[in-house]
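Peer 1: Following this message is one structure expressed as structure tokens.
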Amino acid sequence: MTYLETAANFYSEVAQTPQIGLCCVQSTSLQLPGLKIPRKMREMNYGCGTTVHPTELSNQPTVLYIGVGGGLEALQFAYFSRRPGAIIAIDPVAEMREAAKSNLEIAVPENPWFDTSFVEIRAGDAFNLPVADASVDIVAQNCLFNIFEPEDLNRALTEAYRVLKPGGRLQMSDPISTCRIPSHLQQDERLRAMCLSGALTYEEYIQKIINVGFGQVEIRARRPYRLLNAQTYNLSEHLLLESLDSVSFKVPIPSDGACVFTGKTAIYAGADNYFDDGDGHILQPGLPLSVCDKTAAKFAKNMSEQIMVTDSTWHYDGGGCC
Ligand SMILES: C[S@@+](CC[C@H](N)C(=O)[O-])C[C@H]1O[C@@H](n2cnc3c(N)ncnc32)[C@H](O)[C@@H]1O
């Protein structure tokens with residue numbers, strides 16, 4: 001049996017018997033007027049963060065959702081794209097598709113705005129997305145890509161890139177690891193399926209996104225996710241996993257490298273009325289300007305007496321330099 005088959009079997013189990021708290025992190029759940037999440041759907045929240053960013057979902061985007069789970073985020077996306085077929089949700093596990101379909105039907109009476117036709121559930125997997133090139137505005141996946149081995153992750157990211165329209169967004173939430181996960185845990189297929197041992201480090205994860213062509217990556221949240229206890233997991237020390245919410249844009253990679261926004265700002269502390277770096281960044285005295293990490297590093301290296309660069313907040317939500 002391959003690790004992907006082990007994962008499919010695991011998700012078949014948890015589709016039939018919900019495992020409360022499987023992947024979730026403590027966070028405030030999305031509260032929107034008129035949106036009611038059925039209890040069973042909440043119990044099947046197998047995501048480690050969120051891929052739904054309410055302030056950026058205008059114009060009823062077409063969303064391809066990979067790994068539907070209990071349908072929670074498909075319902076949340078449908079809230080913003082209220083039209084038939086706007087959300088295409090795929091999953092290779094028949095029991096999971098059945099569970100999502102049933103949960104979405106349960107949602108209808110509590111959500112007068114919702115019609116099940118808004119979410120089209122299809123059989124499919126992350127490596128062979130059943131949609132045309134450049135056909136969707138958003139691809140979303142929550143707590144799935146981390147279970148893939150590195151080469152499979154490359155394939156999944158390449159597929160996501162293929163189906164996005166130019167300028168489209170890959171919205172993901174995944175566990176990442178604060179250091180390399182030892183191979184005895186990486187090879188444990190059940191732990192991997194449970195989103196506990198496949199995670200890459202932050203640097204590896206971001207580099208893989210850039211490697212397939214995404215020119216801009218924004219970090220929306222970074223939180224503690226799970227602690228792998230040294231004794232239980234046979235480690236030399238405890239290992240902290242984090243959850244990372246990101247949005248990656250299908251835009252060309254600038255000649256000096258991709259822009260990654262982690263919440264850093266640059267603040268001009270000089271005596272002039274403004275500072276212009278000649279590269280699109282105009283700083284007003286005393287006013288923070290969001291900058292990508294590349295620009296932040298440039299300022300910190302060359303301009304540290306005149307420009308203060310603040311730390312990553314890991315909660316970037318707009319503005320920018322590029
Ligand atoms: C951790 S759950 C996340 C579910 C959902 N995204 C959520 O946030 O609740 C992973 C989901 O991916 C599905 N899945 C497993 N292997 C997959 C694959 N190769 N391609 C697409 N989906 C897959 C599982 O059946 C399951 O629904």
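The values are calculated or read from the model by the stated rules, or taken from the named source; none is laboratory data. The shown structure was predicted, so the numbers you read here are calculated from the model rather than taken from an experiment. Backbone-built Cβ (ideal geometry, glycine too); neighbour counts: all protein chains shown. To get the accessible areas, we keep the full protein, side chains included, count just its heavy atoms, and leave off ligands, DNA and RNA. Shrake-Rupley method; radii C 1.70, N 1.55, O 1.52, S 1.80 Å.
Peer 1: Once the Cβ-Cβ distance between Asn273 and Ser12 is put in as r, and R0 is 45 Å, what FRET efficiency do you end up with, to the nearest 0.05? Write out the running numbers ahead of the final one.
Peer 2: Working: r = 64 Å, r/R0 = 1.43.
Efficiency at R0 = 45 Å is approximately 0.10.
Peer 1: Now for a different question. For region 46-57, in order, what is each residue's ³J(HN,Hα) by Karplus, 6.51 cos²θ - 1.76 cosθ + 1.60 with θ = phi - 60°, in whole Hz (x at glycine and Pro)?
Peer 2: For region 46-57, the Karplus-derived couplings read 9, x, 9, x, 9, 10, 9, 10, x, 6, 10, 10 Hz, x marking Gly and Pro.
Peer 1: Taking the Cα centroid of region 25-67 and of region 78-100, what is the distance between the two, rounded to the nearest whole Å?
Peer 2: After rounding, the separation between the Cα centres reads 12 Å.
Peer 1: If I ignore ligands, DNA and RNA and count only protein heavy atoms, how much of Ile121 is accessible to a 1.4 Å probe, in Å² to the nearest 10?
Peer 2: 50
Peer 1: Answer rounded, prolate or oblate for region 185-277, using the Cα gyration tensor with square roots of eigenvalues a ≥ b ≥ c: rounded when a/c is under 1.5, else prolate when a/b is larger than b/c, else oblate. Intermediate results must be reported in sequence, preceding the final value.
Peer 2: On the way: a/c = 3.57, a/b = 1.95, b/c = 1.83.
It is prolate, given that a/c is not under 1.5 and a/b is the larger ratio.
Peer 1: Could I ask something else about it? For q = 0.24 Å⁻¹, what log10 I(q)/I(0) does region 99-143 give under the Debye formula with an equal point scatterer on each alpha carbon and no solvent?
Peer 2: Log10 I(q)/I(0), no solvent term: -1.02.
Peer 1: Still on this structure: How do Asp276, Asp311, Asp245, Asp152 stack up against each other in accessible area, from largest to smallest, with a 1.4 angstrom probe? Before the final figure, lay out the partial values.
Peer 2: Details: Asp276 80, Asp311 125, Asp245 5, Asp152 25 Å².
Descending order: Asp311, Asp276, Asp152, Asp245.
Peer 1: Between the DSSP loop rule and a limit of at most 14 other Cβ atoms within 10 Å, which trypsin sites (Lys or Arg not before Pro) in region 163-220 are left?
Peer 2: Numbers: sites: Arg169, Arg180, Arg190, Arg192, Lys208, Arg220; in loops: Arg180.
Listed in order of number, the matching sites are Arg180.
Peer 1: Using only Cα atoms and rounding to the nearest 10 degrees, what angle (0 to 90) does helix 202-211 make with the longest principal axis of the chain?
Peer 2: Helix 202-211 and the main axis of the chain meet at about 90 degrees.
Peer 1: On to the next question. May I ask you to list the chymotrypsin sites (Phe, Trp or Tyr not before Pro) in region 213-322 that are in a DSSP loop and have at most 14 other Cβ atoms within 10 Å of their Cβ?
Peer 2: Values: sites: Phe214, Tyr225, Tyr233, Phe249, Phe261, Tyr268, Tyr274, Phe275, Phe299, Trp314, Tyr316; in loops: Phe214, Tyr233, Tyr274, Trp314, Tyr316.
Sparse-neighbourhood loop chymotrypsin sites (Phe, Trp or Tyr not before Pro): Tyr274.
Peer 1: Give me P(r) over region 3-249, computed from all C-alpha to C-alpha distances, binned every 10 Å, as integer percentages.
Peer 2: 8, 34, 38, 17, 3, 0
Peer 1: Can you give the calculated 222 nm mean residue ellipticity of the chain, where each DSSP H run of n ≥ 4 adds -39,500 (n - 2.57) and the sum is split over every residue, rounded to the nearest 500 deg cm²/dmol?
Peer 2: Working: 9 runs with 88 residues, N = 322.
One gets -8000 deg cm²/dmol as the mean residue ellipticity at 222 nm.
Peer 1: Which whole-number percent gives the relative contact order of region 226-312, counting Cα pairs below 8 Å spaced six or more residues apart?
Peer 2: Values: 116 pairs, mean separation 23.2, N = 87.
Here the relative contact order equals 27 percent.
Peer 1: Under a 5 Å amide H to amide H cut-off, with H placed in plane at 1.01 Å, what residues pair with Ile307 once short-range neighbours are removed?
Peer 2: Sorted by chain and number, the residues that satisfy this are Ala269.
Peer 1: Karplus couplings for region 285-290 from phi (6.51 cos²θ - 1.76 cosθ + 1.60, θ = phi - 60°), rounded to Hz, Gly and Pro as x?
Peer 2: Listing the rounded values in order: x, x, 9, x, 10, 5 Hz.
Peer 1: Using only the heavy atoms of the protein chains and a 1.4 Å probe, how would Arg162, Arg39 rank by accessible area, largest first?
Peer 2: Details: Arg162 65, Arg39 155 Å².
Descending order: Arg39, Arg162.
Peer 1: A follow-up question, please. Using a 1.4 Å probe on the protein heavy atoms only, what accessible surface does Asp272 show? Give it in Å² to the nearest 10.
Peer 2: Accessible area of Asp272: about 100 Å².
Peer 1: Where in region 200-233 does the label zone of Arg180 land, with the point 7 angstrom along Cα→C-beta and an amide N cut-off under 17 Å?
Peer 2: Only 200-208 fall inside the zone, counting backbone N under 17 Å.
Peer 1: Within the set Lys165/Lys208; Lys165/Lys264; Lys208/Lys250, which residue pairs have Cα atoms separated by over 23 Å? It would help to have the intermediate numbers written out before the result.
Peer 2: Values: Lys165/Lys208 20 Å; Lys165/Lys264 28 Å; Lys208/Lys250 14 Å.
Among Lys165/Lys208; Lys165/Lys264; Lys208/Lys250, the Cα-Cα distance tops 23 Å for Lys165/Lys264.
Peer 1: Given axes a ≥ b ≥ c from the Cα gyration tensor, I'd like to know whether region 72-184 is rounded (a/c under 1.5), prolate (a/b larger than b/c) or oblate. Working shown, then result.
Peer 2: Numbers: a/c = 2.03, a/b = 1.54, b/c = 1.32.
In terms of gyration-tensor shape, prolate.
Peer 1: Hey, another quick one. Normalised by the residues of the chain, what does the relative contact order come to in percent, with Cα pairs under 8 Å and at least six apart? Before the final figure, lay out each step's value.
Peer 2: Values: 705 pairs, mean separation 45.6, N = 322.
So the answer I get is 14 percent.
Peer 1: Restricting things to Cα coordinates, could you compute the convex hull volume per residue of region 1-66 in Å³?
Peer 2: 126
Peer 1: In region 262-309, if every C-alpha pair distance is counted and binned at 10 Å from zero, what percent goes to each bin?
Peer 2: The calculated distribution, bin by bin, is 30, 64, 6.
Peer 1: Then there is this: Which of Ser29, Thr116, Gln186 sits farthest toward the positive end of the charge dipole of the chain, with +1 on the Cβ of Lys and Arg and -1 on the Cβ of Asp and Glu?
Peer 2: Of the candidates, Thr116 comes out farthest on the positive side.
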